[in-house]
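The values are calculated or read from the model by the stated rules, or taken from the named source; none is laboratory data. Quantities reported herein were computed from a predicted structural model and do not represent experimental measurements. Positions of Cβ are generated from backbone atoms using ideal geometry, with glycine treated the same way; all protein chains shown enter the neighbour counts. For the accessible areas, the whole protein counts, side chains as well, though only heavy atoms, and no ligand, DNA or RNA atoms are used. Shrake-Rupley method; radii C 1.70, N 1.55, O 1.52, S 1.80 Å.
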Amino acid sequence: QVQLVESGGGSVQAGGSLRLSCAALGDTYSSFCMGWFRQAPGKEREGVAFMDSRGGTSYDFSVKERFTISQDKSKNTLYLQMNSLTPEDSAMYYCAARRPGFRGYCATGYNYWGQGTQVTVSS
């Protein structure tokens, strides 16, 4: 069983930065696929950034070169550094996890979710 708790959301002006945190209680991140997702009102949930069980990372094109996913293994915490924020980034952000599938597959099937943290970017 994996329990995820997000924090770090808030309100920021366009061009600003925020750092989201996701604390995992129980299993270590090192053996799981991890991801950050977001959902804005009236829109579908979308994947933002991912880290596989070997530490490899990937990003949605819309946030590439602006967002960085990382982890602190000693604190069992996942981070999402968000820079150059725009109003289009406003959403509820969720941390998610899953055990890796065949050959370390991490693209879909996330089944552990945090409660979310709100990010609001004003212009």
key: Residues that are exposed (fewer than 14 other Cβ atoms within 10 Å of the Cβ), at pLDDT 95 or above and farther than 17 Å from Tyr59 by Cα, drawn from the range 87-101   = Pro87
ask   = Hey, among the residues in the range 102-118 that are over 15 Å from Gly56 (Cα atoms) and among the small types (Gly, Ala, Ser), which one's most open to solvent (accessible area, probe 1.4 Å)?
value = Gly109
The range 65-86 - residue that is surrounded by 14 or more Cβ atoms within 10 Å (Cβ to Cβ) and of a type in the set (S, T, N, Q) and, of those, farthest from Ala49 (Cα to Cα) = Asn76
Residues (in a loop (DSSP other than H, G, I, E, B) and either in contact with a strand residue (DSSP E or B) (Cβ under 8 Å, 6 or more places away or on another chain) or of a type in the set (D, E, K, R) (or both)) located in the range 17-54 = Ser17, Asp27, Phe32, Ala40, Lys43, Glu44, Arg45, Asp52, Ser53, Arg54
note = Considering the range 1-29, residues that are over 17 Å from Thr68 (Cβ atoms) and of a type in the set (Val, Ile, Thr), and then whichever is modelled with the lowest pLDDT, we arrive at Thr28
ask   = Do we have Ser62 as open to solvent by 30 Å² or more (accessible area, probe 1.4 Å), in contact with a Ser or Thr (Cβ under 7 Å, 6 or more places away or on another chain) and in a loop (DSSP other than H, G, I, E, B) here?
value = no
inquiry  = Being under 15 Å from the mean Cα position of the chain (by Cα), at pLDDT below 95, over 14 Å from Thr120 (Cα atoms) and part of a strand (DSSP E or B): is that true of Gln81 here?
reply    = no
ask   = Within the set of pairs 6+ apart or on separate chains, which have a first residue in the range 40-68 that is free of Cβ contacts under 8 Å to residues at least 24 places away in the same chain and more than 22 Å from Gly109 (Cβ to Cβ), a second that is open to solvent by 50 Å² or more (accessible area, probe 1.4 Å) and part of a loop (DSSP other than H, G, I, E, B), and C-beta atoms under 6 Å apart?
value = Arg66/Asn83; Arg66/Ser84
